[in-house]
1. Among the residues of segment 182-193, count how many are more than 30 Å from Gln302 (Cβ to Cβ) and either assigned to a helix (DSSP H, G or I) or open to solvent by 10 Å² or more (accessible area, probe 1.4 Å) (or both).
2. Working carefully through the options Gly241, Gly208, find the one that is in contact (Cβ under 8 Å) with a residue 12 or more places away in the chain, of a type outside the set (Phe, Trp, Tyr), at positive phi and touching a helix residue (DSSP H, G or I) at 6+ places or on another chain (Cβ under 8 Å).
3. Considering only residues that are out of contact with any His (no Cβ under 7 Å at 6 or more places or on another chain) and open to solvent by 10 Å² or more (accessible area, probe 1.4 Å), look in segment 119-137 and name the one that is farthest from Phe275 (Cα to Cα).
4. How about segment 201-222: which of its residues are open to solvent by less than 10 Å² (accessible area, probe 1.4 Å) and of a type in the set (A, V, I, L, M)?
5. So in segment 150-171, with the set limited to residues that are part of a helix (DSSP H, G or I) and in contact with a helix residue (DSSP H, G or I) (Cβ under 9 Å, 6 or more places away or on another chain), which one is surrounded by the most Cβ atoms within 10 Å (Cβ to Cβ)?
6. Report whether or not Thr307 is open to solvent by 80 Å² or more (accessible area, probe 1.4 Å), at pLDDT below 90, over 23 Å from Asp76 (Cα atoms) and more than 19 Å from the chain's Cα centre (by Cα).
7. For segment 290-315, how many residues meet the condition of being of a type in the set (D, E, K, R), touching a residue at least 40 places away in the same chain (Cβ under 8 Å) and out of contact with any Phe, Trp or Tyr (no Cβ under 7 Å at 6 or more places or on another chain)?
8. Within segment 81-103, can you find the residues that are surrounded by fewer than 23 Cβ atoms within 10 Å (Cβ to Cβ) and in contact with a His (Cβ under 9 Å, 6 or more places away or on another chain)?
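The values are calculated or read from the model by the stated rules, or taken from the named source; none is laboratory data. None of these values were measured; they are calculated from a predicted model. Quick reminder, even Gly has a Cβ in these numbers, built from the backbone with ideal geometry, and neighbours come from all protein chains shown. The protein model used for the area step is the full one, side chains on, heavy atoms only, and it has no ligands, DNA or RNA in it. Shrake-Rupley method; radii C 1.70, N 1.55, O 1.52, S 1.80 Å.
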Amino acid sequence: MEKRRLFTGILFIFLILAGCTAVNGKQEIPSPAVAHPQSEHKSKQDMDVLIIATGDMSGVYFSLGQAIAAMYEKYDGVAWAAQVTNASFQNVDLVSKKKADLGFATVDVFSEMAEDDSIPNLRVLTELYSNYIQIVTLEHSGISSFKDLEGKRIGVGPDKSGTKLAAERILSAFGLDDNKVEKHFLTFTQSADALRNGTIDAAFFSSGLPNPEIASLASQMPITLIPVPEEIVSKLNKEHGNYSENVIAPDIYEGVNEGIQTVSVKNVLLTHKDFPEKEAYQLVNTLYKHLPELQKIHPAAQDIIGTEAKMEIPIDFHPGAKKFFSEKTNS
């Protein structure tokens, strides 16, 4: 076990270093770390390290991915590692190709990928917490609503991320298409830094609450969160589905003392359809049996309920997950 832990630590450091390659220009992000290839799943005893595809190191996906990896190793005796990625779209691709064993994704990406070849290969293990669309600007910018964003420089998240998808859908719903705003494809960390140094005017963050980068920014200078009106949420749901009206509660961030209306979208934990049923069942069982430990890592995990295997998305639950939730319902 000590050798396995040492190997896991070495691999984890490699994945982080690979994911932190220097950035070329303010609008690009580095290629993510490459997961170990897996042509097929073996028994647990034969697996060295399993991979959870997460997201930006400054986001909730990564911190929870690390926590889940540690939890699975602690209670199931299997070595896991969290992989830095561009988040939802890339995680779907990695899991569908068996280049990662698990992955986080927002459910809105599936409507964008309905005809994608990767969808039939995916199964859901469980619903997770909600991502809140948090549109941040500095108080001194004078920006307080979407009408103020026209002609502005906006961080919309990295390419092939759930943040970018939600940002572009919301901007389009407001009539702020490419010719009316200047888009910057930045990670959470890059967006926060760009707000600090004045190279962008506002930024989208699709994340659980609180987002660490927004919290850090708010502790250093006054920020404003731009609300998303109810009619825009209705328009998004009519066109795409999977979005909910929600409120960023007061005092989540320093200086933001009133609730901010916004839109949220659920996250799910994905695996490949060929992942063994017994092991999938055990993963879900371990997650919920030890959920309080996960909830201590990040407040967003308080939103994980997992009452049943049912969601209105074009991906079915894994048979192992269905078995777990069926037993939970009937117990």
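1. Total satisfying the criteria: 3.
2. Gly241
3. So the residue we want is Tyr132.
4. Once the filter is applied, which keeps residues that are open to solvent by less than 10 Å² (accessible area, probe 1.4 Å) and of a type in the set (A, V, I, L, M), segment 201-222 yields Ala202, Ala203, Ile214, Leu217, Ala218.
5. Checking each candidate, the answer is Thr163.
6. Answer is no for this residue.
7. The qualifying residues number 2.
8. Ser96, Lys97, Lys98, Lys99, listed by residue number.
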